[in-house]
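Below is one structure, written out as structure tokens; comments come after it.
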Amino acid sequence: MRSVTCGAPLAGMQKNSSLPWTYIVLFPLIQIISYWFPSASIIAATIILLYSYYLIIFRGLIEPIILLAIFARSFVGFSAAGNSVIYLFFNIATNYAPTFLYSVLFYSGFSLQKLFKTNKLTGVYCIILFIYLIIGLPGSIESVTLRFIPMIALTLILSYHVKSFDIQGILRVFRLSFLVAIIMYFAPGYLEKSTAILNSNLVFGTEDSEAISNLGYLFRALGAWWDPRIMGLFGVLYLAMTFAAETRPLRWVDVTISLFGIFLTLSRGAIGTALIIMAFYVIQKMWSQRKIKTLILIVMISAIFSATTYNTYSETIDQILSISDVTPFEQRAPFSDYAIDKFLNAPWGIGLGGLHRIDDGVNFGYTVYYSITDAFHAIQLAEIGIVGYILFILSFKELTWGLGWVSKAISIGVVLQMVGTDIPNFGMIYFAFLMLVNHIVLIEHTKISDLRKLTS
């Protein structure tokens, strides 16, 4: 756990650090505009960028940096409409320039000593990433924006950022955005319209209609991110933030919205992480009230209910658990096995991005793959070796493992989720995710420190 000096400023949150409602509503609004009126996205994106830069420059807020990184997928591609120059401009203005601008404007004496005092393991991990980035050239070029820049941005900001986040404001953004995503999911023609948008090159610059995964009468919600995995990831973050911030009286409204949104993504990793968070919540409530017998009774009733109703709902359950004809582990096994073989042949690593692009391809059954994905732990071992992988785990723990149960639950869940999802390859989305989970750690640190002071 890092020094108390990082958590201390939470108590002295400035009055002008709250997000305006006029800014909060822009994110669900642009989500609606991109879906129903994509040609108007460039106007809405320009407004949200100008407002964000105003809040960063004149109000000194860091929340717009995080929110822009989170919601970039909802408007960057739509604003460019296939124009690579416009896409590059909006991508830089949304994902990278705000962090650089904030660092320049609010620089507060960064030094290596300060960096390694607050996040020493993460600093060492960044150095290792840079070394393996050089080793992996030219194949590691894409990893610069996917892996290296997000970690550098995170480390630099955490090393001298001294103000608390407006956690309630960010929760309001998530609440409205998930409500819009759920309403859109049940709107007539959602499947057909979303598939058409994914095939139009508006979101990623390439076709990706498989993201919605039509499963007969079930299909996957995409949300503002046009990717069920990312919507699921921010769904579990939304759930964790709800418990960490104790948003009464809307806590259970947020829990319901986040859980329902996670379910609609049919993301097995996100659903599993949500179950872990809820299990931690139930256990700590029962434990604190010495009601372990009640917990055992709930588990027994749930087991009996599951056994008696499985045949009735087996088709739906099988679709949620499988998403295809094979299990998640069977799906990833060829990728994991290939990466582990590479690791065993070169335990110190082959270089960052070494498995991201395979020129000759790899034949798994009837399909040739030119990139190994969705098996992050095995890929990490192969690319940056055993030392790099251990530092990754230690860095992740340093950033996300706090004194309370919320951070522990989401840390465990997301690490397990990485077995089948390349979450750290999500670029600046991963940066924003780590920033908010790290803030949960600081909230827990402050609460427990204040409690100890009162009881001492």
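The values are calculated or read from the model by the stated rules, or taken from the named source; none is laboratory data. For clarity, every value in this text was computed on a predicted model and none was experimentally measured. All Cβ positions, even for glycine, are placed from backbone atoms using ideal geometry, and neighbour counts span all protein chains on display. To get the accessible areas, we keep the full protein, side chains included, count just its heavy atoms, and leave off ligands, DNA and RNA. Shrake-Rupley method; radii C 1.70, N 1.55, O 1.52, S 1.80 Å.
Here region 150-166 is the region considered, the condition is being among the aliphatic types (A, V, I, L, M) and more than 16 Å from the chain's Cα centre (by Cα), and the residue that is surrounded by the fewest Cβ atoms within 10 Å (Cβ to Cβ) is Val162.
One line per residue, one yes/no per condition, for (1) open to solvent by 10 Å² or more (accessible area, probe 1.4 Å); (2) closer than 14 Å to Leu121 by Cα:
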position: Ser395; (1), (2): no, yes
position: Leu403; (1), (2): yes, no
position: Gly413; (1), (2): no, no
position: Phe431; (1), (2): no, no
position: Leu434; (1), (2): no, no
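If you take the residues of region 23-45 that are over 18 Å from Leu222 (Cβ atoms) and at pLDDT below 95, which of them is surrounded by the most Cβ atoms within 10 Å (Cβ to Cβ)? Per the criteria, the residue is Ala45.
Screening Ile170 with (1) at pLDDT 85 or above; (2) over 18 Å from the mean Cα position of the chain (by Cα) gives one miss only, at (2). Would you please name the residue that is nearest to Ile170 (Cα to Cα), looking only at residues in region 249-263 that are in contact (Cβ under 8 Å) with a residue 40 or more places away in the chain and open to solvent by less than 10 Å² (accessible area, probe 1.4 Å)? Top of the filtered list is Asp254. Contact map, region 98-122: first residue more than 26 Å from Phe396 (Cβ to Cβ) and in a helix (DSSP H, G or I), second residue at pLDDT 85 or above and open to solvent by less than 40 Å² (accessible area, probe 1.4 Å), Cβ cut-off under 8 Å, separation 6 or more or different chains; pairs are Leu101/Ile56; Leu105/Ile56; Leu105/Gly60. As for region 271-292, it holds no residue that is modelled with pLDDT under 90, out of contact with any Cys (no Cβ under 9 Å at 6 or more places or on another chain), more than 25 Å from Phe165 (Cα to Cα) and open to solvent by less than 10 Å² (accessible area, probe 1.4 Å).
Please specify each residue of region 135-149 satisfying the condition of being assigned to a helix (DSSP H, G or I), open to solvent by 60 Å² or more (accessible area, probe 1.4 Å) and without any contact (Cβ under 8 Å) to a residue 24 or more places away in the chain. Within region 135-149, no residue meets the criteria. Restricting attention to region 67-84, the residues that are modelled with pLDDT of 90 or more and in contact with a Pro (Cβ under 9 Å, 6 or more places away or on another chain) total 2. Per this entry, Asn95 is counted among residues that are modelled with pLDDT of 85 or more, of a type outside the set (A, V, I, L, M), open to solvent by less than 30 Å² (accessible area, probe 1.4 Å) and in a helix (DSSP H, G or I). You will find that of Tyr53, Tyr87, the residue that is more than 25 Å from Val437 (Cβ to Cβ), at pLDDT 95 or above and crowded, with 16+ Cβ neighbours inside 10 Å is Tyr53 and no other.
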